[in-house]
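Structure first, commentary second.
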Amino acid sequence: MLEIFLENIFIKIAILSYLIYLFIKLHREYKNLGLINLSLFFIVLIISIITLEILAFPVVYPYGLVLEFIIIYFAATILLILFSVVKNRVILITSSFLLLIILTVIPLCYVFHLLIFQSTLQTDTFYAIFQTDWIEMKDFIQQFIPFYSYLILATMIYLLFKIIYKSSSLFIQRKTNYRLIILHTTIIMGILWIIPKDNNLYLSPFYAFQNYTHSLALFKQNTAPVSNFLELNTLKLAQKQQGNLHLIVIGESSNKHHMSLYNYSKKTTPKLDALSQKNNLIVFKHAFSNHTTTVPALSLALTSTNQINQQSLQKAHSIIRILKAINSKTAWLSNQRRYGIYDNLISLLSNDSDATIYINEAVGDDEIKVFDSQLLEPLKKTINNWDKKTNLVIFLHLIGNHSLYKERYPKEFEKFKTPFVEVLIDSIKNGLGITQQNTSEINHYDNSILFTDFVISRFIEHIEKLNLTSTLLYFADHGEDVNRGIAHNPTQFTYDMVEIPLIIWVSEKYRKQYPKKVQALQLNRNKLFSNDLIFDTLIGLYDIPLKQFYNPRFDLSNSHYNLKDNEALTLHGKIPYVSDKNLFYP
């Protein structure tokens with residue numbers, strides 16, 4: 001510990017000494033630039049100190065002040081190299097300006113994140129950013145980024161441009177100092193070698209992205225054709241039932257405490273409320289999510305890994321692969337946007353289906369408003385084209401209740417409205433970054449829940465008319481903290497972010513064919529359930545004779561289901577669900 005402390009002290013002293021030398025050299029060689037460069041260094045210094053010290057970043061980046069000096073050092077030395085080499089003023093101003101934007105805007109992003117969300121940027125946040133498309137990013141900025149952020153950013157950019165503009169006119173006539181260039185370049189290379197590459201303000205996002213893409217590559221490599229897995233091929237001989245139809249509806253950002261189905265004061269789920277009075281719809285009271293963001297949550301929900309067995313995701317089997325192994329036909333119908341070259345894990349899972357249909361074909365910055373109800377037509381078509389000599393399992397991935405909430409439902413579902421005066425007040429609060437108890441946003445969210453109620457009930461109505469052995473399972477990937485206006489950012493975790501609905505509808509034929517399973521579902525409806533156990537529940541619900549990757553203790557359709565309090569975890573094992581801090585349970 002002492003050696004590390006002394007090492008840090010000596011590094012800080014060395015860099016600080018060099019900065020002092022740099023200031024002196026600047027003042028001697030370029031007397032007119034002393035004040036200008038001092039302004040530049042002061043701006044970068046203030047930003048870095050706020051970022052790395054006041055925001056408690058030494059906890060995340062333990063090298064602390066060393067990185068602050070490195071940031072200032074980069075600003076000084078690279079600018080001197082540019083000023084010494086480039087003689088074209090336009091190129092000089094442009095390159096210097098872009099450099100300083102990178103050096104200052106990146107730390108400002110960390111600052112804004114803390115000011116707005118009261119939490120530091122962490123690996124989970126970076127992963128969520130990588131998994132977000134441009135339109136989702138635009139919606140997020142529109143809903144959660146306050147107006148003052150743009151003023152600060154604009155002021156900073158203006159000051160940097162003025163400094164560069166004045167500095168360039170004084171430097172442009174100077175003779176190139178190759179000795180200074182070589183010295184600075186050598187020291188920069190040495191500093192780059194010293195910096196901890198995976199624990200650095202600037203490099204951490206890039207290393208997080210590298211780890212993210214590497215994990216995807218490993219998972220993709222493991223999703224080889226089903227025929228390569230002999231232990232799964234044997235299941236084809238064991239499957240007896242044919243002609244069964246199953247729907248798995250995956251909600252998005254759905255908080256069950258905004259559903260009247262879960263005793264919310266507003267009537268947001270009238271159709272599901274009515275269905276729940278019948279024995280065919282089973283509502284699970286204490287379901288929660290294993291994570292607060294989509295990809296981590298569904299990665300566990302749709303594969304054989306969970307927070308308890310901690311099986312490597314790269315070695316896990318997906319539910320789609322299991323279904324294909326028993327010769328069931330699968331289809332993935334989605335109102336989420338199709339991803340591009342860096343397909344996320346959910347895209348890889350869905351592409352394993354026999355048919356994959358995305359009804360929202362928005363690409364890049366295009367914005368196409370497609371409502372979840374439009375999934376009904378491809379659902380009907382998929383069922384009509386189905387050869388009933390096999391079972392059919394259809395995944396329906398909703399856009400659900402994702403922000404912007406007001407964009408998730410047609411105008412005729414705007415039941416809960418906010419008076420104009422309150423809308424105006426909410427707009428002012430948003431501009432100031434005050435999002436707690438935003439009445440208009442809560443009403444928009446409740447309207448989106450009302451529309452989701454309509455969509456799910458239409459799915460149930462359609463398959464009920466077919467009079468088949470069928471089920472519909474609806475669960476959300478994660479919840480949403482609507483009342484506090486902080487969405488589902490894992491770095492500012494609240495239990496609202498993992499409070500999700502879970503319902504299972506069964507047809508009359510299913511009830512008669514599997515009475516013990518229906519009885520077990522009824523018996524387990526008031527027990528704790530984490531959605532990373534969806535895989536085991538689907539195996540049991542569909543009567544798949546799987547033993548190697550299946551645990552009956554995690555299957556809601558099994559009488560032996562039992563999730564112990566100490567096993568009820570979220571945020572991938574980091575936070576216990578059963579806690580004094582969780583006011584939702586017991």
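Values quoted throughout were computed directly from the atomic coordinates according to the rules given, and no laboratory measurement underlies them. As the structure is a prediction and not an experimental result, all values here were calculated from the model. Cβ sites come from the backbone with ideal geometry, for glycine too, and all protein chains shown count toward neighbours.
The modelled label-to-label distance between Trp386 and Lys415, using points 7 Å beyond Cα along the C-beta direction, is 2.9 nm.
Sorting the segments 518-526, 452-460 by their residues' average number of neighbouring beta-carbon atoms within 10 angstrom, most packed first, yields 452-460, 518-526. With no solvent and one point per C-alpha, what does the Debye sum give as log10 I(q)/I(0) for the stretch 242-544 at q = 0.10, 0.12 Å⁻¹? Evaluating at q = 0.10, 0.12 Å⁻¹ gives log10 I(q)/I(0) of -0.53, -0.78.
Here Arg484, Arg321 are placed in order of increasing Cβ neighbour count within 10 Å, fewest first, which gives Arg484, Arg321.
Ile357's amide H: which non-local residues (gap 5+, or another chain) put their own amide H closer than 5 Å, with H modeled 1.01 Å from N in plane and none for Pro or chain starts? It is Trp332, Leu333, Ser334, by chain and number.
Taking a ≥ b ≥ c as the square roots of the Cα gyration tensor eigenvalues, the stretch 259-301 comes out prolate, since a/c reaches at least 1.5 and a/b is larger than b/c. Counted by neighbouring Cβ atoms within 10 Å, the residues Asp273, Asp536 run from fewest to most as Asp273, Asp536.
Would you mind ranking Thr155, Thr471 by Cβ crowding within 10 Å, fewest neighbours first?
Working: Thr155 10, Thr471 26.
Ranking Thr155, Thr471 by Cβ neighbours within 10 Å, fewest first, gives Thr155, Thr471.
Sorting 307-317, 322-332 by average packing, meaning the other beta carbons within 10 Å per residue, from highest down gives 322-332, 307-317.
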